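Asks: Can you keep this structure in mind? I'll have questions shortly.
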Amino acid sequence: MTVVGLGADHAGFPLKEDLKAWLVTRGYDVADFGTQSADAVDYPDYAAAVGSAVTAGKADCGVLVCGTGIGMAIAANKLPGIRAAACSDAYTARMSREHNDANILALGARITGRDAAIEILETWLAAAFAGGRHARRVDKIVVLDRGRGQESPDAQAR
Ligand code: RB5
């Protein structure tokens, strides 16, 4: 069974609850890392919790919800091994899986309504990494990830 790690800040809390209910009806196992109310919190804390669960193998993938999805994606992408994609339509959600092997979907509750968010999430979960030439490119992302703070040996000013 696929375990989906869920996290949200106060802006994303109501949409997280909607997505959790939908995931459960679809048979997914949900690990909910909060927040559990509309009281103001800091989105990086939830990005870290879900991202850590994914990198530790406690969740197969993650879904993060904030106001725009941007802050969650930026924060989650600081964790080694995380490829978080902020998506506001089904096409980019599918591509983020097929081409980028995204392991976290970030959604913006202030820009994406419940039905659209469910369509995006359903599309994202159904999509799979295409491999092939995309694997070569994702491998290069992995190299960048491992070498954080180091200049690429190929980097040259042109
Ligand atoms: C909270 O007001 C808002 O900044 C947050 O939810 C998110 O949109 C940040 O990227």
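Asks: Keeping the other protein chains in place, figure out the carbon and sulfur percent of the accessible area of region 54-158, with a 1.4 Å probe.
Replies: Numbers: 2970 of 5900 Å².
Answer for region 54-158: carbon and sulfur cover 50 percent of the accessible area.
Asks: Relative to the longest principal axis of the C-alpha atoms of the chain, give the angle of the C-alpha long axis of helix 13-25, reported between 0 and 90° and rounded to the nearest 10°.
Replies: Approximately 90 degrees, to the nearest 10.
Asks: Net charge around residue 18, counting only other residues with Cβ within less than 11 Å of its Cβ (Lys, Arg = +1; Asp, Glu = -1)?
Replies: Details: positive: 16, 20, 114; negative: 17, 115.
Computed value for this residue: +1.
Asks: Continuing with the same structure: Give me the mean projected area, in nm² to one decimal, of the convex hull enclosing the Cα positions of region 1-148.
Replies: Details: hull surface 31.4 nm².
The Cα convex hull of region 1-148, projected and averaged over all directions, gives 7.9 nm².
Asks: Kindly rank 80-91, 26-37 from highest to lowest mean number of other beta carbons found within 10 Å of each residue. Present the calculation step by step, with values, prior to reporting the outcome.
Replies: On the way: 80-91: 18.5, 26-37: 15.4.
Output ranking for 80-91, 26-37: 80-91, 26-37.
Asks: Oh, and also: Rounded to the nearest 0.05, what FRET efficiency do residue 98 and residue 42 have when you use their Cβ-Cβ distance and R0 = 35 Å?
Replies: On the way: r = 32 Å, r/R0 = 0.92.
Result of the calculation: an efficiency of 0.60.
Asks: Ranking request for peptides 106-118, 43-55: highest mean number of other beta-carbon atoms within 10 Å first, then the rest in descending order. Display every interim value, and only then the final one.
Replies: On the way: 106-118: 18.8, 43-55: 22.7.
Going from most to least packed, we get 43-55, 106-118.
Asks: Relative contact order (percent) for region 1-90, with alpha-carbon contacts under 8 angstrom and 6 or more residues of separation? Don't skip to the end; give the middle numbers.
Replies: Numbers: 164 pairs, mean separation 31.0, N = 90.
It comes to 34 percent, rounded to a whole number.
Asks: For residue 63, enumerate residues with amide H under 5 Å from its amide H, sequence gap 5+ or separate chain, H modeled in the peptide plane.
Replies: 5, 6, 7, 105
Asks: Could you compute the net charge surrounding residue 116? Neighbours are other residues with a C-beta less than 12 Å from the C-beta of residue 116; K and R count +1, D and E count -1.
Replies: Values: positive: 114; negative: 18, 89, 115, 119, 122.
Charge balance in the 12 Å sphere: -4.
Asks: Angle, helix 114-126 long axis vs. longest principal axis of the chain, Cα atoms, 0 to 90°, nearest 10?
Replies: It is inclined by approximately 50 degrees.
Asks: Could you pull the accessible area for residue 134 with a 1.4 Å probe, rounded to 10 Å²?
Replies: Accessible area, nearest 10 Å²: 10 Å².
The values are calculated or read from the model by the stated rules, or taken from the named source; none is laboratory data. The structure presented is a predicted model; accordingly, all values stated were derived computationally and were not measured. So basically every Cβ, Gly included, is an ideal-geometry build from the backbone, and we count neighbours across all protein chains shown. Heads up: the accessible areas ignore ligands, DNA and RNA and are worked out on the full protein's heavy atoms, side chains in. Shrake-Rupley method; radii C 1.70, N 1.55, O 1.52, S 1.80 Å.
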